[in-house]
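The values are calculated or read from the model by the stated rules, or taken from the named source; none is laboratory data. Remember, it's a predicted structure, so these values are computed and weren't measured experimentally. Please note: Cβ atoms are built from the backbone with ideal geometry, for glycine as well, and neighbour counts cover all protein chains shown. The area values use the complete protein model at the heavy-atom level, side chains included, leaving out ligands, DNA and RNA. Shrake-Rupley method; radii C 1.70, N 1.55, O 1.52, S 1.80 Å.
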Amino acid sequence: MARLTGLPTSGAVPFDPRHGQLPTQTHPKSRRAEAYHRIGAMLARLEAPAHIVVTSAGTGEGKTAISANVATALAQGGNRVLVIDAHLRRPSLASVFDIPMQSEGLADYLAGRISWNDVVLATDDDLPDVITAGSTRSRTLLRSGRFDALIASARHRYDFVVVDLPPVLRQKEALRVAASADGTILVSLLGSTTPSQLTRVAQAMQRAQVRVLGVMPNEASAPIRIPAPRAPQGSHRD
């Protein structure tokens, strides 16, 4: 992955279906939870407040689970964290946190139907607050200035804002959102993402001047030797 993309790797999440979707909460001693906490420790070295986005080349690569678990790891470290489901066409963050899918969320806020106080769902102290995708299935709303204003407002209230974005190769507006973030995690599902997809997504991010913190191999079935994450230094182009 590093050779194909020219980007650093930020850690590997092992495959273990026994621990459910949120092992950082349900199985904190598991290898998967430890992997998420290592990534959270890397992000915790960023200057707060920090706006982090998680995306992938294609669908079904596990970016939502990584968004939820990394956000939870940061919250368990004593940070104020908000996680947002911005994949408006195929949302799934609500199911990870057992929130009813029909709940009002980001799309309803961007359409002007609800306020900030209604869109944010507060959780326990060791979990992040959540903004679900909402009831509207659209992708054009992310282009509105109201989304940028929401992120700016969230940065005043939280130490970390983690956004689960649509796949970069599927929805172009994801690149614009990623380019405005403090850092991007690119998730790659082992055995699924093709070399061509990795190359294309890396080139697209470079053209958009996205600051990529690392490529994250997901669902590793065997141990992968990856150096310990270092504190991010500028953009990957530097």
Packing rank of 150-156, 34-40, where each peptide gets the mean count of other beta carbons within 10 Å, highest leading: 34-40, 150-156
Accessible area (Å², per residue) of the chain, counting only protein heavy atoms and a probe of 1.4 Å: 45 Å²
Protection proxy ranking of 112-125, 178-191 - average other beta-carbon atoms within 10 Å, highest first: 178-191, 112-125
Answer label for P(r) over Cα pairs in 10 Å bins from 0, in percent (calculated), chosen among [x] 7, 30, 34, 21, 8, 1; [y] 8, 36, 39, 16, 1; [z] 7, 33, 39, 19, 2: [y]
Paramagnetic label zone (point 7 Å from Cα along Cα-to-C-beta, Gln206; backbone N under 15 Å) in the range 149-180: none
Share antiparallel - DSSP beta bridges, the chain, percent rounded to 5: 5 percent
Under 5 Å, built H, 5+ apart or other chain: amide partners of Val162: Ile52, Leu82, Val83, Ile84
Added length on full extension, which subtracts the Cα-Cα distance from 0.36 nm per residue, Phe15 to Arg146: 43.4 nm
Percent accessible area from carbon and sulfur atoms, the chain, protein chains only, probe 1.4 Å: 47 percent
Computed [θ] at 222 nm, helices only, for the chain once each DSSP H run of length n ≥ 4 contributes -39500 (n - 2.57): -9500 deg cm²/dmol
Segments 16-27, 100-111, 63-74 sorted - mean Cβ within 10 Å per residue, highest first: 63-74, 100-111, 16-27
Charge dipole (debye, nearest 20) of the range 1-55; +1 at Cβ of Lys and Arg, -1 at Cβ of Asp and Glu: 180 debye
Pairwise FRET efficiency - Ile99 versus Glu34, Cβ, R0 = 22 Å, nearest 0.05: 0.30
